[in-house]
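First comes the structure, then the notes that go with it.
The values are calculated or read from the model by the stated rules, or taken from the named source; none is laboratory data. Owing to the predicted nature of the structure, the values given are computational and were not obtained by experimental measurement. Reconstructed Cβ throughout: ideal geometry from the backbone, glycine too, with neighbour counts over all protein chains shown. Please note that ligands, DNA and RNA were not included when accessible areas were found on the heavy atoms of the full protein model with its side chains. Shrake-Rupley method; radii C 1.70, N 1.55, O 1.52, S 1.80 Å.
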Amino acid sequence: MPELLPRTAFRSAEPTEEFLRALYERHGSVLQHFAARMLGGDWHRAEDVLQEAAIRAWQHAAELDPTAEELRPWLFHVVRNLVIDGYRGRGARPQEAGEPDIAHHPVPDGVDHALTAQVVVDAMRDLAPFQREVLLHVYYMGRSVSQTARVLGVPPGTVKSRTHYAIRALRTGLNNRGVHTT
């Protein structure tokens, strides 16, 4: 805190207004630029910091002369501490969530599932019958490659090959319909 300075010029009927006006005129611009630099160019937060520094100075208005150059180092110190306290405070608090966006929180109602199933059925119609058959056995009925080979009367290697090419064709059909697969 700076030394006690004479304040005879600021003993008016409205000392608060006079004190703050003189403080802002003499130091406001420099302090706000200093705060903005510390805050990465955030002028809105710099203005908030400047206002808080002015309040802190006003709390000691009886001892301070707002026009004195000796006050400036103390004000810089106050601004610096307020910025540091702000960073610490944001680090200690959890991130603010804000208003939830309804679009990002869909409620499962089965419509998406039904539409996707309809698109898959439509895309499966484009497959060759032997591709459709192998996919139904392996994926829909959950049979293994060897079980599917026995049921269809083909070697296991044929089941694997048909499954591979059927999946590729189905993926292409789904992508053509706007359903992007990975």
Margin query: What does the charge count around Met38 come to, taking other residues whose C-beta lies under 11 Å from its C-beta (Lys +1, Arg +1, Asp -1, Glu -1)?
Written below: +2
Next item on the list: Obtain the nm distance between the two label points defined at Glu17 and Asp126 by a simple spin-label model: each point lies 7 Å from its Cα along the Cα-to-C-beta direction.
Entry: 7.6
Item checked: Cα-based equivalent ellipsoid of the range 14-73: semi-axis lengths in Å, sorted from largest, via gyration tensor -> 21, 11, 9
Check: How far is it, in nm, from the label point at Asp109 to the one at Glu63 when both lie 7 Å from their Cα along the line to the Cβ?
Finding: 6.6
Notebook entry, point to check: In a shell of Cβ-Cβ distance under 12 Å around His137, excluding His137 itself, what net charge do Lys and Arg (+1) and Asp and Glu (-1) give?
Noted result: +3
Item checked: Neighbourhood net charge (14 Å Cβ-Cβ; Lys/Arg +1, Asp/Glu -1) for Val179 -> -1
Item checked: the range 130-182, accessible surface, carbon-and-sulfur percent (1.4 angstrom probe) -> 54
Next item on the list: Extending each Cα 7 Å along its Cβ direction at Tyr87 and Thr116, get the distance between those two points in nm, one decimal.
Entry: 4.5
